[in-house]
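The values are calculated or read from the model by the stated rules, or taken from the named source; none is laboratory data. Just so you know, these numbers come straight off a predicted model, no measurement behind them. Because the Cβ atoms are built from the backbone with ideal geometry, glycine has one as well, and the counts that use them run over all protein chains shown. What goes into the accessible areas is simple: the full protein's heavy atoms, side chains included, and nothing from ligands, DNA or RNA. Shrake-Rupley method; radii C 1.70, N 1.55, O 1.52, S 1.80 Å.
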Amino acid sequence: MMAELAMFIDVSKCTGCRGCQVACKQWNELPAVKTGFSGSYENPPRIGGDTWTKVRFVEKEDSGKMRFLFRKEQCMHCTEASCEAVCAAGAIRKTDQGLVVLNDDRCVGCKNCVVACPFHAVGLSEETGSSRKCRLCYERIENGMEPACVKACPTGAVSFGERDQVLARAKQRVSVLRDSGVNATVYGENELGGLHVLYVLDDEPEVYGLPAHPRVATAGLLNNWLHALIGVGVVAFAPFWLIFRERGKAPDKSVGTGVDGNA
Amino acid sequence: MHEIAWPVIIAIYLFVAGDGVAAFYTGILANTFSKGKYERIAKIGAYIGVPLIIVGLLMLIIDLGRPLSFWHFVLGENFLPIFRPSSTMSLGTWLLTAFTVFGGGYALTWLAEEEFARGWPVLKYFASRPGLRKTLGYLALPFAVLIACYTGVLLASTAAPLWNSTPYLGLLFLLSATSAGLSSIILILAATKSDRCLIYTFSQADAIVDILELIVFIILMVRLSSAAPESAALLLNGEFSVLFWLGIVAFGLVVPLVMEIYELASSKKNVINTIVPVLSAVLILAGSFLTRVVILYAGQANF
Ligand code: SF4
Ligand code: SF4
């Protein structure tokens, strides 16, 4: 069993240069997407099948002062990966190292993973008709290289390594930031069984567009079936049994023959 | 606002699949509970149900990014069947497959006895086989019922708060499908100038399901309002509120219910034509479809 890997994103060091975004497009040969001006320099507006990572821009007013916050977003490589759970085609697998990899050849483009991902990190590609997402450059890793985005980051905001070590570094960084009065936290340590992208955030997760308590998409499955099956019982009784049951009179026709015109 | 991953074609799929299987199980259940009094309804149910399921499957396939790879849903890398229990889509695909086989066979036992189909090659194996018909009907029944629930559960196993914040979506879709199935049968009965008493009976059943659906809708909205207030607001007073209140609640549930009750209350005294049950059936079908559309789009509007 190989050690689990993780990407480490320290938002306090990100300058929003979007070098990672470009590096990802280049290495993975992803097409450009047509976009319009959305009121911010954030572009494209969302992750999709042809844009696997992007920097999210957040403007936040803090006691009269405007803060510009940046967060590189991409697939989080969840341990409890909703995309993997819902995929009927078995196109998504989790590797021993904790990466969640989507096999393009198996994907039929049903978009179930797209609606199931709590981070909106996977999308349908116009180019291929399949869903695509970040795969943490697993082919580069296998060949002893870092993911393309990590290599491109000029400020050291994005790095990569064994998850245990990354987590230790993240916690260290949090205590440094806290000492200087920043409300810093680690995101991803325990969320969804542990993410393989760990963030150091200097504000609440929601400010950065992250769910505070992400849920795996299949969490409500049994409860939903339970209620539906109780409903089946109720409906079978009323109206079906109540209205259609034979109330003593013998049926006036033999069973199994053709059509009875009147009932 | 997020991009729409599942467009209206998926709403059509959820609607026709639910409506179809509900017509099917309505026929079988009515016929079983009445000890064979409603054979004709069972036949009508099969004639509605099986083609609708096939249309539904086509919709599902058309919406795929790669329609020609649809078989990846049932056959794995090694070409052996795959079933993934955690995937509602996978479960649904197998339910639909099983229903198509058993329900299809059941419908063939009826088709084989039609005048115009006499002498069709394969059909003769299905003719005059009451035992086979019964077996196929009962085999298809559980799959039909589960498919009606599945159409809602499918949406519930996602990240959209409007879909996953309550445990009632499967139940709601089951009830909505059942009233649509009953309404479809009412329309066929009316179109074939069937006995008014018969239409009356089905209208009565439809009214009961309608009431159950209203109750579940209320419970769902109350729960949603506390669990995911923003999603609830989309329906109650936001972007989708007109469609929700006017289309789904008023014209899809309350008006047909009032019409049915009015009609049932007065039917003993008057010789009425079937305009009221037909109109309420049409409204219920439209409301049931709109329920799928609105829930599908509102769910994707804020996730
Ligand atoms: S972030 Fe989304 S796409 Fe990535 S592993 Fe988790 S559920 Fe799957
Ligand atoms: S779109 Fe592809 S990867 Fe996503 S659930 Fe469907 S088949 Fe699986």
Quick one: in the stretch A:127-140, of everything that is more than 18 Å from A:Cys117 (Cβ to Cβ) and within 16 Å of ligand 1 (Cβ to nearest atom), which residue is farthest from the other protein chains (Cβ to nearest Cβ)?
A:Cys137
Any idea which of A:Ala116, A:Ala88 is within 9 Å of ligand 2 (Cβ to nearest atom) and either free of Cβ contacts under 8 Å to residues at least 12 places away in the same chain or in contact with a Phe, Trp or Tyr (Cβ under 7 Å, 6 or more places away or on another chain) (or both)?
A:Ala88
Can you tell me which residues in the stretch B:1-50 are part of a loop (DSSP other than H, G, I, E, B) and under 24 Å from B:Ala286 (Cα atoms)?
B:Ile4, B:Ala5, B:Trp6, B:Pro7
Does the stretch B:188-200 contain at least one residue that is assigned to a helix (DSSP H, G or I), within 23 Å of B:Gly152 (Cβ to Cβ) and open to solvent by 10 Å² or more (accessible area, probe 1.4 Å)?
no
Looking at A:Glu84, is it within 13 Å of ligand 1 (Cβ to nearest atom), within 11 Å of chain B (Cβ to nearest Cβ), in a loop (DSSP other than H, G, I, E, B) and crowded, with 18+ Cβ neighbours inside 10 Å?
no
In this structure, is A:Arg247 out of contact with any Pro (no Cβ under 6 Å at 6 or more places or on another chain), of a type in the set (Lys, Arg) and within 30 Å of A:Asp96 (Cβ to Cβ)?
no
Among the residues that make up the stretch A:43-63, is at least one of them open to solvent by less than 30 Å² (accessible area, probe 1.4 Å), more than 10 Å from every other protein chain (Cβ to nearest Cβ), without any contact (Cβ under 8 Å) to a residue 24 or more places away in the chain and more than 16 Å from ligand 2 (Cβ to nearest atom)?
yes
Residues that are under 19 Å from A:Cys24 (Cβ atoms) and away from chain B (no Cβ under 14 Å): does the stretch A:105-121 have at least one?
no
Condition check: of a type in the set (Gly, Ala, Ser) and either closer than 28 Å to B:Asn302 by Cα or under 15 Å from the mean Cα position of the chain (by Cα) (or both). Does B:Ala23 satisfy that?
yes
The stretch B:42-51, residues that are open to solvent by less than 40 Å² (accessible area, probe 1.4 Å) and more than 14 Å from chain A (Cβ to nearest Cβ)
B:Ile48, B:Gly49, B:Val50
So for the stretch A:60-81 (the condition being within 11 Å of ligand 1 (Cβ to nearest atom), within 19 Å of A:Glu191 (Cα to Cα) and not in a loop (DSSP other than H, G, I, E, B)), does at least one residue qualify?
yes
Condition broken by A:Ile9, with the remaining ones in (1) surrounded by fewer than 16 Cβ atoms within 10 Å (Cβ to Cβ); (2) touching a strand residue (DSSP E or B) at 6+ places or on another chain (Cβ under 6 Å) satisfied:
(1)
Residues of the stretch B:145-183 satisfying the condition of being open to solvent by less than 10 Å² (accessible area, probe 1.4 Å), of a type in the set (S, T, N, Q) and part of a helix (DSSP H, G or I):
B:Thr151, B:Ser176, B:Thr178, B:Ser179, B:Ser183
Out of A:Arg18, A:Arg106, A:Arg93, A:Arg67, sole residue that is touching a His at 6+ places or on another chain (Cβ under 8 Å) and either in contact (Cβ under 8 Å) with a residue 12 or more places away in the chain or not small (Gly, Ala, Ser) (or both):
A:Arg106
Where the second residue is open to solvent by less than 90 Å² (accessible area, probe 1.4 Å) and assigned to a loop (DSSP other than H, G, I, E, B) and the first is more than 9 Å from every other protein chain (Cβ to nearest Cβ) and lies in the stretch B:65-92, which pairs have Cβ atoms under 7 Å and are six or more apart or on separate chains?
B:Leu75/B:Ile82; B:Pro81/B:Val74
Taking the residues in the stretch A:88-122 that are touching a Ser or Thr at 6+ places or on another chain (Cβ under 8 Å) and on the phi > 0 side of the Ramachandran plot as candidates, determine which candidate is nearest to ligand 1 (Cβ to nearest atom).
A:Gly98
B:Leu198, sole failed condition from (1) of a type in the set (A, V, I, L, M, F, W, C); (2) at pLDDT below 95; (3) within 19 Å of the chain's Cα centre (by Cα):
(3)
So which residues in the stretch B:32-52 are basic (Lys, Arg) and closer than 18 Å to A:Ala236 by Cα, if there are any at all?
B:Lys35, B:Lys37
Go over the candidates A:Cys107, A:Cys134 one by one and state the one that is out of contact with any Phe, Trp or Tyr (no Cβ under 7 Å at 6 or more places or on another chain), open to solvent by 10 Å² or more (accessible area, probe 1.4 Å) and at pLDDT 95 or above.
A:Cys107
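Conditions tested, residue by residue: (1) modelled with pLDDT under 95; (2) touching a Phe, Trp or Tyr at 6+ places or on another chain (Cβ under 6 Å); (3) open to solvent by 50 Å² or more (accessible area, probe 1.4 Å); (4) not assigned by TED's automatic domain parsing to the domain that holds A:Glu59.
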{"residue": "A:Thr155", "(1), (2), (3), (4)": "no, no, yes, no"}
{"residue": "A:Gln165", "(1), (2), (3), (4)": "no, no, yes, no"}
{"residue": "A:Arg178", "(1), (2), (3), (4)": "no, no, yes, no"}
{"residue": "A:Glu189", "(1), (2), (3), (4)": "no, no, yes, no"}
{"residue": "A:Val216", "(1), (2), (3), (4)": "no, no, no, yes"}
{"residue": "A:Val232", "(1), (2), (3), (4)": "no, no, no, yes"}
{"residue": "A:Val255", "(1), (2), (3), (4)": "yes, no, yes, yes"}
